[in-house]
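These notes are about the structure you will find just below.
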Amino acid sequence: QVQLVESGGGLVQPGGSLRLSCAASGSIFTFYAMAWYRQAPGKQRELVARITFLGRTTYADSVKGRFTISRDNAKSTVYLQMNSLKPEDTAVYYCNAAKGSDEYWGQGTQVTVSS
């Protein structure tokens, strides 16, 4: 059983930065694509960024140039560096691990961007 534990959320002013972390259990981390999704109130969950086990990254258009996803396979951890945050980035952010038909989710961490 894979467990994903997110941390790093909180309240930040517009223009500020936060770094989210997601620690994964098990040695399988290296072979899984890792991603961050977010869900705002009343909206569907959406993909924010993904990184393959080879390090290839993709981003939602809304966060390109502001967010950076990275992974440390030795620490079984994936990060999301969020800069120039906007009120519309407010959401619960979820960590996701996927390989083939296997998929796991973290419990989510709240990010609120407000003055």
Could you tell me whether any residue of the range 97-109 is in contact with a Lys or Arg (Cβ under 8 Å, 6 or more places away or on another chain), surrounded by 13 or more Cβ atoms within 10 Å (Cβ to Cβ) and on the phi < 0 side of the Ramachandran plot? no
For the range 22-43, check the following and say yes or no: at least one residue is touching a Gly at 6+ places or on another chain (Cβ under 8 Å), within 16 Å of K75 (Cβ to Cβ) and of a type in the set (A, V, I, L, M, F, W, C). yes
Scanning the range 23-44 residue by residue, the ones that are open to solvent by less than 30 Å² (accessible area, probe 1.4 Å), modelled with pLDDT of 95 or more and not in a strand (DSSP E or B) total 1
Checked A40, A24 against criteria (touching a strand residue (DSSP E or B) at 6+ places or on another chain (Cβ under 8 Å) and farther than 30 Å from S115 by Cβ); the one match is A24
The number of residues in the range 45-62 that are surrounded by 18 or more Cβ atoms within 10 Å (Cβ to Cβ) and either in a helix (DSSP H, G or I) or charged (D, E, K, R) (or both) is 1
Does L20 qualify as being open to solvent by less than 50 Å² (accessible area, probe 1.4 Å) and touching a residue at least 60 places away in the same chain (Cβ under 8 Å)?
yes
By residue number, the members of the range 64-85 that are closer than 23 Å to G42 by Cβ and either loosely packed, with under 13 Cβ neighbours inside 10 Å or within 12 Å of the chain's Cα centre (by Cα) (or both) are F67, L80, M82
Taking the range 63-92 and keeping residues outside any strand (DSSP E or B) and closer than 19 Å to F53 by Cα leaves N73, A74, K75, S76
Checked pairs for the range 104-115, first farther than 12 Å from D89 by Cβ, second open to solvent by less than 40 Å² (accessible area, probe 1.4 Å) and polar (S, T, N, Q), C-beta under 8 Å and 6 or more apart or across chains, list as Y104/N96; W105/N96; G106/N96
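The values are calculated or read from the model by the stated rules, or taken from the named source; none is laboratory data. Bear in mind that the values here come from a model prediction, so they are computed numbers and not experimental data. Using ideal geometry, Cβ is built from the backbone for each residue, glycine included, and neighbour counts are taken over all protein chains shown. What goes into the accessible areas is simple: the full protein's heavy atoms, side chains included, and nothing from ligands, DNA or RNA. Shrake-Rupley method; radii C 1.70, N 1.55, O 1.52, S 1.80 Å.
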